[in-house]
Amino acid sequence: QKEVEQNSGPLSVPEGAIASLNCTYSDRGSQSFFWYRQYSGKSPELIMSIYSNGDKEDGRFTAQLNKASQYVSLLIRDSQPSDSATYLCAVGYTGGFKTIFGAGTRLFVKA
Amino acid sequence: EPEVTQTPSHQVTQMGQEVILRCVPISNHLYFYWYRQILGQKVEFLVSFYNNEISEKSEIFDDQFSVERPDGSNFTLKIRSTKLEDSAMYFCAKSGGGDSSGANVLTFGAGSRLTVL
């Protein structure tokens, strides 16, 4: 059974701070890793994808992957109130079509 | 214009009735998916559909569910004899495919909220 675990939060940070979101996954065969953002009542939207160990930066977002530890993280720099949402960690598998989602971490950015 | 359009946005039905949810991907992708999200819970994979065939399905996707692409554009999820626990948001999604670049990157529709009474 492939599992993706996240701390449900809520994580509360002040505006301008760094928000750090973490995720672990159970299957060492996992090949692709994603962070999606979901606003309340809306569909998930892709924030970052990462496929190899290390860091990947895109604007204020940095995804970090450590396959040995089966750990994925997302850093949000200069957090804004508009970043307040649920962040979903998701894991995909080469040769398969299924993406497994974690339960999400709720982030609140206080103005 | 959204890349994936879903209809209806909200459907209320009586337990035991059949429901059809529709998805229209704007671009000509080959990979389509249905996911569901029960209120307050995680997004769950139901089924993937590739080249007009089911490629993978979850244990949730039992005989009560079916998918098809009847006219080459619309992609439908049919739920036969709905149950109370089928109440959820159902998301259609598409992806660029299973290769290493952009593998499994999902673009979701806005969702269809199903309420079973």
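We did not get these values from a lab; they are worked out from the coordinates using the rules stated. Here the structure is a predicted model, which means the values were calculated and not measured. In this analysis, Cβ positions are derived from the backbone assuming ideal geometry, glycine residues included, and neighbour counts consider all displayed protein chains.
Numbers at a glance
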item: A:ALA103 long-range amide H proximity, modeled H, under 5 Å; result: A:GLN6
item: Within the protein assembly as shown, percent of DSSP bridges classed antiparallel, to nearest 5; result: 90 percent
item: Residue-wise HN-Hα coupling along the stretch A:98-108, computed from phi with Karplus coefficients 6.51, -1.76, 1.60 (Hz; x: Gly, Pro); result: 8, 10, 9, 9, x, 6, x, 10, 7, 10, 10
item: Count, lysine Cα pairs under 22 Å in chain A, 8 or more residues apart or across chains; result: 6
item: Test item: Cα-centred dipole of chain B, Lys/Arg +1 and Asp/Glu -1 on Cβ, debye; result: 260 debye
item: For B:SER87, residues with placed amide H under 5 Å, excluding near neighbours; result: B:VAL116
item: DSSP bridge orientation in chain A - percent antiparallel, rounded to nearest 5; result: 90 percent
item: For chain A, convex hull volume per residue from C-alpha positions, Å³; result: 96 Å³
item: Residue-averaged beta-carbon neighbours from other chains (10 angstrom radius) around A:23-32; result: 1
item: The stretch A:42-111-the stretch B:39-76 distance, computed between alpha-carbon centres (Å); result: 25 Å
item: Karplus (6.51, -1.76, 1.60) ³J(HN,Hα), θ = phi - 60°, over the stretch A:82-91, in Hz, Gly and Pro reported as x; result: 5, 7, 5, 5, 9, 9, 9, 8, 9, 10
item: Positive-end extreme of charge dipole, chain A - chosen from A:TYR93, A:LEU65, A:SER82 (charges on Cβ); result: A:TYR93
item: Magnitude of the charge dipole, the protein assembly as shown, Cβ model with Lys/Arg +1 and Asp/Glu -1, debye to 20; result: 280 debye
item: Computed magnitude of the charge dipole of the stretch A:26-103 (debye, nearest 20; Cβ of K, R +1, Cβ of D, E -1); result: 180 debye
item: At most 15 other Cβ within 10 Å, DSSP loop - GluC sites (Glu not before Pro), the stretch B:1-63; result: B:GLU3, B:GLU18, B:GLU59
item: Around B:PHE61: net Lys/Arg minus Asp/Glu count, Cβ-Cβ under 13 Å; result: -1
item: For chain B, share of DSSP beta bridges that run antiparallel, in % to the nearest 5; result: 90 percent
item: Cα shape, the protein assembly as shown, gyration tensor, a/c 1.5 rule; result: prolate
